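The values are calculated or read from the model by the stated rules, or taken from the named source; none is laboratory data. Since the model is a prediction, treat every value here as computed from it, not as a measurement. Here the Cβ is made from the backbone with ideal geometry for all residues, glycine too, and neighbour counts use every protein chain on show. Accessible surface areas use protein heavy atoms only, side chains included; no ligands, DNA or RNA. Shrake-Rupley method; radii C 1.70, N 1.55, O 1.52, S 1.80 Å.
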Amino acid sequence: MASSHFFAKRNLSTTTIAALLLAASALGQSQPTELRYKLVPGDRLTYREIFDREAKSPERGFHAHAVFINQLVVIDSSGGQSLVGIERNRQSAEMLESHERGKDTLVEQKAIYDQAVAQRPKHFSDTNIYSATGEAELPLQVVR
């Protein structure tokens, strides 16, 4: 489960931005509709992204939480498409629960999780071209 909170320097609709960059392709709309807000070069947005990952089975379960502060910049717009760059900055990441066969394994798994997080960059970025409906035009790639 992921949730995002958006704060924009311009008077922008948070649902429009969310739909544009994070949810449009995931919503599985059969008939995408054009977004109401038109991004223009120079638009710069900052938003906070929170990821809660949880998995449970009879054998094992875990719950992890991560927070990112992201910067989005519209580099260029033309013909109903926008070139957008996004920088993601991890603020925190932690393992909150871990169980295996009814036994609490948080201490052991937290150490493994913390080590894995420490090996990943705190800052990474990606750039893509987005359509007027918020769909990524190129395969998603992230530079870490």
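Counting just the residues of the range 88-140 that are in contact with a strand residue (DSSP E or B) (Cβ under 6 Å, 6 or more places away or on another chain) and of a type in the set (Val, Ile, Thr), which one comes out farthest from Ile69 (Cα to Cα)?
By that ranking, first place goes to Thr105.
Which residues, taken from the range 32-60, are in a strand (DSSP E or B) and either in contact with a Gly (Cβ under 7 Å, 6 or more places away or on another chain) or closer than 26 Å to Pro121 by Cα (or both)?
Arg44, Leu45, Thr46, Tyr47, Arg48, Glu49, Ile50, Phe51, Asp52, Arg53, Glu54, Ala55
Going by the structure shown, is Gly80 at pLDDT below 90, surrounded by 14 or more Cβ atoms within 10 Å (Cβ to Cβ) and on the phi > 0 side of the Ramachandran plot?
Taking the combined requirement at face value, the residue does not satisfy it.
Return the only residue of Glu59, Glu49 being among the acidic types (Asp, Glu), open to solvent by 50 Å² or more (accessible area, probe 1.4 Å) and farther than 13 Å from Asn128 by Cβ.
Being among the acidic types (Asp, Glu), open to solvent by 50 Å² or more (accessible area, probe 1.4 Å) and farther than 13 Å from Asn128 by Cβ holds for just one of Glu59, Glu49, which is Glu59.
Within the bounds of the range 55-71, is there any residue that is touching an Asp or Glu at 6+ places or on another chain (Cβ under 9 Å) and either of a type in the set (Phe, Trp, Tyr) or modelled with pLDDT under 65 (or both)?
yes
Quick one: how many residues across the range 59-83 are within 16 Å of Ala136 (Cα to Cα) and out of contact with any helix residue (DSSP H, G or I) (no Cβ under 7 Å at 6 or more places or on another chain)?
Total meeting the criteria: 11.
Determine whether Arg120 is on the phi > 0 side of the Ramachandran plot, touching a residue at least 24 places away in the same chain (Cβ under 8 Å) and open to solvent by 50 Å² or more (accessible area, probe 1.4 Å).
So Arg120 fails the test.
Of all residues in the range 62-75, how many are closer than 12 Å to Asn128 by Cβ and open to solvent by 50 Å² or more (accessible area, probe 1.4 Å)?
Counting residues in the range 62-75 that are closer than 12 Å to Asn128 by Cβ and open to solvent by 50 Å² or more (accessible area, probe 1.4 Å) gives 1.
Can you pull out the residues in the range 101-144 that are closer than 17 Å to Gly85 by Cβ, part of a strand (DSSP E or B) and charged (D, E, K, R)?
Asp126
If Ala93 meets every condition in (1) in contact (Cβ under 8 Å) with a residue 12 or more places away in the chain; (2) more than 16 Å from the chain's Cα centre (by Cα); (3) open to solvent by less than 30 Å² (accessible area, probe 1.4 Å); (4) farther than 30 Å from Val40 by Cβ apart from one, which number is that one?
Only one criterion is unmet by Ala93, namely (2).
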